[in-house]
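Participant: Here it is: the structure, laid out below.
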Amino acid sequence: MRKTLALLTAVLALAAFAGADYYVKSKTHTDAFSLMGKSQPAKDGVQEQWIGTDRFAHISSGLSVLVDLGKSEAVFINHKSRTYTPASLPLDMAKLLPPQMAQMAGMMKMTASVTPLGTTKKIGSWTCQGYEAEITMMMPIKMIVWASTDVPFDFSHVMGKYVNNVLQGTMRLDEATLAELKRIKGYWIAYETVVDMMGSPMRTTVEVVEISEKSTPADVFKIPEGYSKSDTLAMTM
């Protein structure tokens, strides 16, 4: 489930993208937790997003997701297994997973309920509005999201294209769930996610530390040297 959550986080992080050539850097933290008698240590990391008019990249140490709306394609890059999995858009995630995972994905339907907190908070240089989200995806997920429209890019136009091509196919969103997620206005500057893993909470936080305007390096959208193609998405992260 931790691997599935990593994929969900990557997809949701892409969901606020738009504009032309911006770089976003975020710090991440996962608390230590225990599951089925096995302890997992706390983990800190960095994730990056490169935002172009029709191209988006989410890059982390475990998984990178590259989306090219102009070519109607996405590529998932697993850095641990050193493999990459291309996919056409609109995305059908069940076709990319190993058979046992595909069966699970077929039963997985995401629902969401979003409640504005009615409070503001300054995070870095961004004024944010708070939201509480309750998500069900086989198990309950609670989120606190701080989103801001006080960012240097307009995300609404590309957000619509991204939802139709990627997000709905990945999370099997119906119109009601999509409408709930759209209640979160602006770019997600910081968010906390708590997943109930069979009675053991797993808490992850993400916070943006930099947004800057710059041209996306060409190698961001290249497959790393030495990586091999896989028809199914490896879930080792």
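Participant: Name every residue in the stretch 102-130 that is farther than 22 Å from Glu180 by Cβ, at pLDDT below 95 and open to solvent by less than 60 Å² (accessible area, probe 1.4 Å), in order of residue number.
Facilitator: Matches in the stretch 102-130: Ala102, Gly106.
Participant: Can you say whether Val65 is touching a helix residue (DSSP H, G or I) at 6+ places or on another chain (Cβ under 9 Å) and either closer than 24 Å to Gly226 by Cα or aromatic (Phe, Trp, Tyr) (or both), as far as the supplied structure shows?
Facilitator: For Val65, the condition - touching a helix residue (DSSP H, G or I) at 6+ places or on another chain (Cβ under 9 Å) and either closer than 24 Å to Gly226 by Cα or aromatic (Phe, Trp, Tyr) (or both) - is met.
Participant: Would you mind stating whether Thr9 is at pLDDT 90 or above, under 21 Å from Met138 (Cα atoms) and hydroxyl-bearing (Ser, Thr, Tyr)?
Facilitator: No, not satisfied.
Participant: Counting only residues that are open to solvent by 70 Å² or more (accessible area, probe 1.4 Å) and at pLDDT 75 or above, how many does the stretch 141-159 have?
Facilitator: Qualifying residue count, the stretch 141-159: 4.
Participant: Which residue pairs have Cβ atoms under 6 Å apart, sit 6 or more places apart or on different chains, and have a first residue in the stretch 214-236 that is assigned to a loop (DSSP other than H, G, I, E, B) and a second that is aromatic (Phe, Trp, Tyr) and surrounded by 11 or more Cβ atoms within 10 Å (Cβ to Cβ)?
Facilitator: Lys214/Tyr23; Thr216/Trp50; Ile223/Tyr84; Tyr227/Tyr84; Leu233/Phe76
Participant: Another question about this same structure. Select from the stretch 190-237 the residues that are farther than 30 Å from Val114 by Cβ and hydroxyl-bearing (Ser, Thr, Tyr) and list them in ascending order.
Facilitator: The answer is Ser215, Thr216, Tyr227, Ser228, Ser230, Thr232, Thr236.
Participant: Which of the residues belonging to the stretch 183-237 are open to solvent by 70 Å² or more (accessible area, probe 1.4 Å), more than 22 Å from Trp50 (Cβ to Cβ) and aliphatic (A, V, I, L, M)?
Facilitator: The one that is open to solvent by 70 Å² or more (accessible area, probe 1.4 Å), more than 22 Å from Trp50 (Cβ to Cβ) and aliphatic (A, V, I, L, M): Met198.
The values are calculated or read from the model by the stated rules, or taken from the named source; none is laboratory data. Predicted model, so just to flag it, every value in this text is computed and none were measured. Cβ sites come from the backbone with ideal geometry, for glycine too, and all protein chains shown count toward neighbours. Just the protein is used for accessible areas: all its heavy atoms, side chains included, with ligands, DNA and RNA removed. Shrake-Rupley method; radii C 1.70, N 1.55, O 1.52, S 1.80 Å.
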